[in-house]
Amino acid sequence: MIDANGDELRTKQFRSKVTENFKNDLKIHQYEMIKCNKKLTFYSTFKTDVTTSNSLELITNQKHRRAVEKLRAGNHNLRIETGRHP
């Protein structure tokens with residue numbers, strides 16, 4: 001019979017492994033998206049990794065941070081973007 005401590009250890013190991021696999025799959029997906037998207041390919045010449053930028057961590061206001069993230073990702077409603085295509 002397995003005691004509670006052994007069960008708990010296996011659960012932690014399982015969670016750790018699932019988290020690690022998820023992070024690896026996400027990273028692979030991000031690199032594939034970079035290869036397929038012209039904007040992301042251009043952006044990748046300046047930022048070579050897929051980690052969170054240190055400058056974003058300095059922005060504590062959640063609304064401001066979201067606005068900067070959208071601007072950097074090209075997911076915004078600036079007239080130059082919305083007016084480009086009819």
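The values are calculated or read from the model by the stated rules, or taken from the named source; none is laboratory data. Given the structure is predicted, the values throughout are model-derived calculations rather than measurements. Ideal geometry is used to build each Cβ from the backbone, glycine not excepted, and the neighbour counts take in all protein chains shown.
The set of residues in segment 56-72 that are surrounded by 10 or more Cβ atoms within 10 Å (Cβ to Cβ) and at pLDDT 80 or above comprises Leu56, Ile59, His64, Arg65, Arg66, Ala67, Val68, Glu69.
Residues that are modelled with pLDDT of 80 or more, in a helix (DSSP H, G or I) and closer than 15 Å to Ala73 by Cα: does segment 43-52 have at least one? No, because not a single residue in segment 43-52 is modelled with pLDDT of 80 or more, in a helix (DSSP H, G or I) and closer than 15 Å to Ala73 by Cα.
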